[in-house]
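For reference, the structure is listed below as C-alpha cells.
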Amino acid sequence: MQLDTRAQTLLKALVERYIADGLPVGSRALSKISGLDLSPATIRNIMADLEELGYVASPHTSAGRIPTPRGYRIFVDTLLTVKHLDEQLVESPLRLQTPQRTIANAAQMLSSLSQFAGVVLSPRRESVFQQIEFLRLSEKRILLVIVAPGGDVQNRLLLTEADYTPAQLVQSANYINQNYGGLSFDAVRVRLQGELRQLRDDMGSLMQAAVEAGSEAMADHSDDMVISGERNLLSVSDLSSNMHSLRQMFDMFEQKTGLMQLLDVSSKATGVQIFIGGESNLVPMDEMSVVTAPYEVNGKIVGTLGVIGPTRMAYERVIPIVDITAKLLSNALSHH
C-alpha cells in the first residue's frame, strides 16, 4: 500500500531516531523531529495506521513505537538518503596485493569502516582441470596432483587396492590428460562410464578413484569465505543481549553454509542488496541485517561482499561503504 507524504515522513523520522538511540519513539518526540506541523492527535492516528499496516510495533513496556522488518524494508527501499563516502578514504588498502591478500583486506576494510563484521565470498575455483599427475608415495598410496587452468594446484591422497608401478601411473595420467584435459571432473565421470570397458580393470579403478577425489577437491569451498570483525558484534547489544542470540550468531559464523547461500543469492543481483532479519529467511536472526554487493573481475561477477550488523544499523553509512568497497575490489582484482 502506498503511504502518503505525511506517513512517509513520520516513518522515516521514527526509523532514524530508533537507529540512533535504540529506544521506542513516542508521538511527542515525532512531532519535534519530523518537521511536520501536526497535532499530537493526528500523529497518533497516523502511527496507529502504520502499526495496522505492519510498519511499526508497540513494545509492551512503552507507549512509543519501533520499526518492524517491514518498516525497515520500506525505509531502505524508498525513504533512505544515502550519505556520500569519499573513495580516497578507502582506496589505498586494496592496491598492489595478491588476490588472496586483497580479498582479506577488503573484509577488514568493511569491518573497520562499518564497525560491524565484514565478509567477502571469494571467486569460486574453476571446476575444470588442465592436467593431473599421479605420484607413487608407497605401496597402495598415491598422491593425486590436480592443476587448474589458472595454475592453482591441489593435492589429494589416494588409497588404492592395487599397487601401481610408476609406468602405470604415467600411462593413466597421460590418458586422462590427453582425453579429458580442460573438462570438469563431473564431465569426465560421465564419459568414463562408457569407456571403462575398453580399459584394463585395474587402470579403470585408478581413474575412477582420481575422478572422485578430483570432484571433492574442486567442490571444497571451505576457504571461499573471508570474515573479519566478528568480535565487533559482541559489543552490539541487539545481537548479544542473550545467550540464544549469541549462540545463533556464532553458529552462523561457524557453519557458514547459510551465509554462503545468502551471498550466493546476492551475486545474482546487481548493486547493493539488503537482507533484513525477520523478513528474509536467509538471515538467521531477527535482529540482524546483511548489506551486500557483488564484485567483478574484468566485467564478470565472480563473488559477493558485505557487512553483517544489527537491523538497527545506520544504513545511509553502510550502503556506500559496501558499494564503494565492491567497486574498489573489482578494480584491484581486474588490474592484478
- prompt: Would segment 18-41 turn up any residue that is open to solvent by 30 Å² or more (accessible area, probe 1.4 Å), in a helix (DSSP H, G or I) and at pLDDT 95 or above?
  reply: yes
message: Exactly one condition in (1) without any contact (Cβ under 8 Å) to a residue 60 or more places away in the chain; (2) open to solvent by less than 60 Å² (accessible area, probe 1.4 Å) is false for Arg247; which is it?
response: (2)
Selected residue (criterion: least open to solvent (accessible area, probe 1.4 Å)) from residues of segment 256-291 that are of a type outside the set (Gly, Ala, Ser), without any contact (Cβ under 8 Å) to a residue 60 or more places away in the chain and part of a helix (DSSP H, G or I): Leu262
Residues that are of a type outside the set (A, V, I, L, M, F, W, C) and free of Cβ contacts under 8 Å to residues at least 12 places away in the same chain, drawn from segment 129-164: Ser138, Gly151
- request: Taking the options Met260, Met288, Met249, name whichever one is at pLDDT below 90 and either charged (D, E, K, R) or under 23 Å from Thr68 (Cα atoms) (or both).
  value: Met249
statement: Ala167 meets each of (1) open to solvent by 50 Å² or more (accessible area, probe 1.4 Å); (2) at pLDDT below 90; (3) of a type in the set (Gly, Ala, Ser) with one exception, condition (2)
query: Name the residues in segment 63-84 that are buried (at least 16 other Cβ atoms within 10 Å of the Cβ) and assigned to a loop (DSSP other than H, G, I, E, B), would you?
result: Gly64, Thr68, Leu80
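The values are calculated or read from the model by the stated rules, or taken from the named source; none is laboratory data. Given the structure is predicted, the values throughout are model-derived calculations rather than measurements. Here the Cβ is made from the backbone with ideal geometry for all residues, glycine too, and neighbour counts use every protein chain on show. Accessible surface areas use protein heavy atoms only, side chains included; no ligands, DNA or RNA. Shrake-Rupley method; radii C 1.70, N 1.55, O 1.52, S 1.80 Å.
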